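The values are calculated or read from the model by the stated rules, or taken from the named source; none is laboratory data. Worth saying up front: this structure is predicted, and the values here are computed from it rather than measured. Positions of Cβ are backbone-derived with ideal geometry, glycine not excepted, and every protein chain shown enters the neighbour counts.
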Amino acid sequence: MPQRTPLVDLVDDLRKPGTWVTVYTDASMDTADPRGVAQARRRSVLDRLKEAGVAGPQLAELADALEGTDGMPSPVTRFVLMRDGELVCNLLTPGAPNGPEIAEAGPIPRLVPLLRTRPDEFVYLVVETSRDGGEVGVFRSTQVGAEHTEEVQGRVDTLHKIPGGGWAHLRLQHHVEEIWKQTETELAAVVEPLVLEHRPRLLVVAGDVNARQLLVGQLSPRSRELVAQLDANTRGAGASRETLDRFVEEQLDRLLTADRTAELDRLRQELGREGGAAEHGVGNVVHAARQAQVDVLFLDPGALEERTLLALDAEPWVATAPEDAAPAQVLGKVPAAEALLRAAALTDASIRLVTGPQLGDASGVAALLRWSAPAPTGG
């Protein structure tokens, strides 16, 4: 199942040392005074960054980066990263901030908020259909707004069924139904190449019930397996976008929950098996991360709030003590969750944010390993 963390696009920048600025803030525009509230929020962020020593030209660029959420659905969250004055990430993601807002500078970026916002990135399609046409949107689960849209306009002549009877009526009725079927066939011909190209995890179909049934019937078996139907005509007059947005969020959460359940089941099995390919505890997982042994990293940031680790400028990327840093240089002492997350991203591991009860202990960290190997006992 194709999925990735949003950190994939940041790996090249994470390899480069420098001063990082992280901004994680509410960017919603749904108040009675949206512009006034947004401006006050931006001023607060910039004031905090100025106090942290961010230079004037960088503040000006960040001020521009924090603009531009007019017309966006609310709530929405913005995540910005800047390295040595270069803007490397500016994401808008659906939903309110999932954790405290951040505006700070440091030796490494704060990446936990990005993973909290949308832990995995995968593509999904949304199709809104009716008897006179339809629209297909390509979306990423970590972003607001469609990445790509295509529209199909069907024939609108004699679309509506007519009252009456007799052979003339039956012929016209058959003609109308053929037009509906032709429109949905054309729409399916748009959907299928997008499924092949983007390999989505989900295909949401909304709209007129008859049009939906005709469309799904025209899809390939592979595409039909991805379908989740919303029983609402979202293309009708006066239709609310909120219903569709809520349904999409529910379907994304369902997929993420299923993924997490399967991975945590595998983690428990490996931890319970002698010589299993899994570890838990900060010391053991740091050791595995330093060997690029971690395949999937499970983090409970709340359980690690009091722990720090050393972030390094090169392999092995993370250390518990200065004497373990060589041949790399120490960038600084940073929150343990951030150090582990960064090291995992730099060694191409997947990262999952979880809670203590899901891990089954209070260590705050565990990992599925790429291979079984003994690690030193540590907390």
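Annotations
- Test result for residue 121, of a type in the set (Asp, Glu), surrounded by 18 or more Cβ atoms within 10 Å (Cβ to Cβ) and in contact with a helix residue (DSSP H, G or I) (Cβ under 8 Å, 6 or more places away or on another chain): no
Okay, residues lined up against (1) of a type in the set (D, E, K, R); (2) within 30 Å of residue 266 (Cα to Cα); (3) surrounded by fewer than 20 Cβ atoms within 10 Å (Cβ to Cβ):
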residue	(1), (2), (3)
321	no, no, yes
326	no, no, yes
340	no, yes, no
345	no, yes, no
355	no, yes, yes
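- Of the candidates 286, 296, the single residue that is over 20 Å from residue 357 (Cα atoms), in contact (Cβ under 8 Å) with a residue 12 or more places away in the chain and surrounded by 18 or more Cβ atoms within 10 Å (Cβ to Cβ) is 286.
- Count of residues meeting criterion [of a type in the set (Lys, Arg) and either in the same structural domain as residue 142 (by TED's automatic domain parsing) or more than 26 Å from the chain's Cα centre (by Cα) (or both)] in the range 255-291: 2
- Note on the range 181-213: residues that are crowded, with 21+ Cβ neighbours inside 10 Å and free of Cβ contacts under 8 Å to residues at least 40 places away in the same chain total 1.
- Qualifying residue in the range 149-160 (condition: within 29 Å of residue 68 (Cβ to Cβ), assigned to a helix (DSSP H, G or I) and modelled with pLDDT of 75 or more): no
- Any chance residue 198 is farther than 24 Å from residue 249 by Cα, modelled with pLDDT of 55 or more and not polar (S, T, N, Q): no
- Residues being crowded, with 16+ Cβ neighbours inside 10 Å and not β-branched (Val, Ile, Thr) - total across the range 218-234: 9
- Residue-level analysis places residue 133 among those that are modelled with pLDDT under 90 and farther than 29 Å from residue 77 by Cα.
- Failed criterion for residue 293 (all others in (1) touching a Lys or Arg at 6+ places or on another chain (Cβ under 6 Å); (2) under 24 Å from residue 102 (Cβ atoms) hold): (2)
- Of note, residue 244 does not satisfy the criterion of being crowded, with 18+ Cβ neighbours inside 10 Å and part of a strand (DSSP E or B).
- So residue 315, is it modelled with pLDDT of 95 or more, more than 27 Å from the chain's Cα centre (by Cα) and among the acidic types (Asp, Glu): yes
- Screening 336, 278 for residues that are in contact (Cβ under 8 Å) with a residue 40 or more places away in the chain, crowded, with 22+ Cβ neighbours inside 10 Å, more than 19 Å from residue 99 (Cβ to Cβ) and not charged (D, E, K, R) leaves exactly one candidate, 278.
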